[in-house]
1. Taking 0.36 nm per intervening residue step and subtracting the Cα-Cα distance, what contour gain separates ASN31 from LYS67 on full extension?
2. Calculate the spin-label point distance for ASN18 paired with TYR241, positioning each point 7 Å from the Cα along the beta-carbon direction, and give it in nanometres.
3. Beyond a 27 Å Cα-Cα separation, which of these cross-linked pairs lie in this structure: LYS67/LYS229; LYS71/LYS195; LYS126/LYS165; LYS117/LYS229?
4. Assuming R0 = 30 Å, what is the FRET efficiency of GLN213 and ASP170, from their Cβ-Cβ distance, to the nearest 0.05?
5. Which one of VAL166, GLY150, LEU125 is farthest out on the positive end of the charge dipole of the chain, using unit charges on Cβ (Lys, Arg +1; Asp, Glu -1) and the Cα centre as origin?
6. In the stretch 4-240, what is the volume of the convex hull around the alpha carbon atoms, normalised per residue and reported in Å³?
7. Counting other C-beta atoms within 10 Å, and keeping those with at most 10, which DSSP coil trypsin sites (Lys or Arg not before Pro) do you find in the stretch 1-109?
8. Please compute the volume of the convex hull spanned by the alpha-carbon atoms of the stretch 23-103 and report it per residue in Å³.
Amino acid sequence: MSATAIIIPCYNEGKRLNQQAFLSFLANNKNYHLFLVDDGSTDNTFKVLTELETQNPTQITTLKNDKNLGKGETVRNGMLAAYNTNSFAQIGFLDADLSTPLTEFVVLTNFLIQHNKKAVFGSRLKRVGAAIERSLIRHLVGRFFATLIGWTIKIPFYDTQCGAKVFNSDVIPTIISTPFVSRWLFDVEIILRLKQLFGKDVTSLLYEYPISQWNDVKGSKITWKDSVKVPIELSIIKIKY
């Protein structure tokens, strides 16, 4: 079975990181490896991450940014480190709070492999049979931004900002080729980079998979101030690409 790397960007997660969830997952999934990347945290996050690595050094690699760079560059640094090992057929990323459970990431990865996709994006589509716990306000704001993003990328994605995504390793060089221009909307940049790579075939090679479980974990690092910047950042992204 091919190996998969999961990049976990971490910023001030020392008090809420579910260490046992990560360790239990790895114990039951020997073909997965975690790259825990500390984004210049001001708390004890890096200490917690290094302690986790000590408990399972064969499946955990800890990295640290010298300063806070934002989620986008933190993910990119982790992907670069994973890709450079030449050990993984799939590389993806997942939020440190595990709002999307690790088991859901496995579902995305299996779909990518079985259907020969280049990228599979998790989607928080609230539907019968799925446990998607999201506040009404966050849902409405999210739908508004999703509409703006759809106009920007010209691809009918329902949810570009779900924090669970996995890629075939052969597209990683395109994804990490240059720094992202946005701290938080780097997911949009990834889609546009893949669109430039594959052209009109991109919609057949990417897949948006409706996850079955997602929980709105308290303590999000994205503030209302960040949300106000979304239209500005989308304009910058549109100009760049």
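1. Length difference between fully extended and current span is 9.9 nm.
2. According to this spin-label approximation, the distance is 3.0 nm.
3. The answer is LYS117/LYS229.
4. Details: r = 29 Å, r/R0 = 0.98.
So, using R0 = 30 Å, E works out to roughly 0.55.
5. GLY150
6. Measuring per residue, one finds 125 Å³ for the Cα hull of the stretch 4-240.
7. For trypsin sites (Lys or Arg not before Pro) across the stretch 1-109 that sit outside H, G, I, E and B with at most 10 neighbouring Cβ atoms in 10 Å, the list reads LYS15, LYS67.
8. Working: hull volume 8.2 nm³, N = 81.
Residue-normalised Cα hull volume stands at 102 Å³.
None of the figures in this text is laboratory data; all of them are computed from the coordinates on show. On a predicted model such as this, the values are computed, not experimentally measured, just so you know. Ideal geometry is used to build each Cβ from the backbone, glycine not excepted, and the neighbour counts take in all protein chains shown.
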